[in-house]
1. How many residues, within the stretch 163-180, are within 20 Å of E130 (Cβ to Cβ) and either hydroxyl-bearing (S, T, Y) or free of Cβ contacts under 8 Å to residues at least 60 places away in the same chain (or both)?
2. Suppose we keep only residues that are assigned to a loop (DSSP other than H, G, I, E, B) and hydrophobic (A, V, I, L, M, F, W, C) within the stretch 12-35. Which one would you say is farthest from M187 (Cα to Cα)?
3. What is the one condition in (1) closer than 17 Å to I16 by Cβ; (2) touching a strand residue (DSSP E or B) at 6+ places or on another chain (Cβ under 8 Å) that G142 does not satisfy?
4. Checking the condition modelled with pLDDT of 95 or more, outside any strand (DSSP E or B) and not β-branched (V, I, T), which residue from N47, N3 passes?
5. Kindly indicate whether any position in the stretch 54-64 is assigned to a loop (DSSP other than H, G, I, E, B), crowded, with 16+ Cβ neighbours inside 10 Å and in contact with a strand residue (DSSP E or B) (Cβ under 8 Å, 6 or more places away or on another chain).
6. Mind listing whichever residues of the stretch 34-57 are under 14 Å from the mean Cα position of the chain (by Cα) and of a type in the set (V, I, T)?
Amino acid sequence: MMNDSYEMKLTGRLLIATPDMGDKRFRDAVIYVCSHDQSGAMGIIINKQMIKGGGALSLSDMLYNIGIEGDVKVADTPVLEGGPVDIDRGFVLHSADYFKQDTSLKLSDTLSLTSTKDILEALVKEEAPEKAMLAVGYSGWGAGQVEREIQDNAWIVADADEAIIFDTDLDSKWVKALAGLGIRPEMLSRSGGSA
């Protein structure tokens, strides 16, 4: 149990998986933390692409699949596999130029999250945000769980960089997030081994 004087601030930051990450679903993951408080945390994996039927899904594919017609007004980004929780629900990380009072969550001055169908419909209209990434599912932790995983060296915490969040080169995000901290992947080693 953590005392009240110690409070880790993770909202709006990145979690970068280390080689000590035991859960293969999070291997080399970069997660944008949307919310974090004493009851737990919620975030979106921003570097794993959703694969369905053997193929990688793009935003235009997903909108077509759910019956939203029209040309996508934002970059036709890869659909993200946001995490293992609520895998039938979409979450759109987007620039703050699109915001609906009752359905959007302000994450920062420049970033919002919306998980209702209106954001998906807006992506083919003039009201579309300048930038958007659609994730299916999210990553969630119970009270104290993410803090324990950080103490166990499963995650490195970094400041969020929107250039990384909206980068469509998903394979480079892990390396870029580490580089932002001055860390090269080869500097990380698995615990264990011999001296």
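The values are calculated or read from the model by the stated rules, or taken from the named source; none is laboratory data. Computed from a prediction, not measured in an experiment: that's the story for all the values here. Cβ atoms come from the backbone with ideal geometry, glycine included; neighbour counts cover every protein chain shown.
1. Number satisfying all stated conditions: 4.
2. Of the stretch 12-35, the ones assigned to a loop (DSSP other than H, G, I, E, B) are 12, 18-23, 27-29.
Keeping just the survivors that are hydrophobic (A, V, I, L, M, F, W, C) gives 21, 29.
On the way: M21: 15, A29: 17 Å.
Residue satisfying both the conditions and the ranking: A29.
3. All conditions are met except number (1).
4. Numbers: N3 fails: modelled with pLDDT of 95 or more.
Criteria check complete, one pass: N47.
5. Within the stretch 54-64, the subset assigned to a loop (DSSP other than H, G, I, E, B) is 54, 57.
Retained after the next criterion (residues that are crowded, with 16+ Cβ neighbours inside 10 Å): 57.
Still in the running and in contact with a strand residue (DSSP E or B) (Cβ under 8 Å, 6 or more places away or on another chain): 57.
Checked the stretch 54-64: at least one residue is assigned to a loop (DSSP other than H, G, I, E, B), crowded, with 16+ Cβ neighbours inside 10 Å and in contact with a strand residue (DSSP E or B) (Cβ under 8 Å, 6 or more places away or on another chain).
6. Initial filter on the stretch 34-57 (under 14 Å from the mean Cα position of the chain (by Cα)): 34-36, 41-50.
Answer for the stretch 34-57, where residues must be under 14 Å from the mean Cα position of the chain (by Cα) and of a type in the set (V, I, T): I44, I45, I46.
Listed here are the residues, each with its yes/no results for (1) closer than 20 Å to D169 by Cβ; (2) acidic (D, E); (3) under 12 Å from the mean Cα position of the chain (by Cα).
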{"residue": "E81", "(1), (2), (3)": "yes, yes, yes"}
{"residue": "V92", "(1), (2), (3)": "yes, no, yes"}
{"residue": "D109", "(1), (2), (3)": "no, yes, no"}
{"residue": "I119", "(1), (2), (3)": "no, no, no"}
{"residue": "A122", "(1), (2), (3)": "no, no, no"}
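Here is a yes/no grid of residues against (1) over 22 Å from H36 (Cβ atoms); (2) surrounded by fewer than 19 Cβ atoms within 10 Å (Cβ to Cβ):
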position: E127; (1), (2): yes, yes
position: A158; (1), (2): no, yes
position: K173; (1), (2): no, no
position: A177; (1), (2): no, no
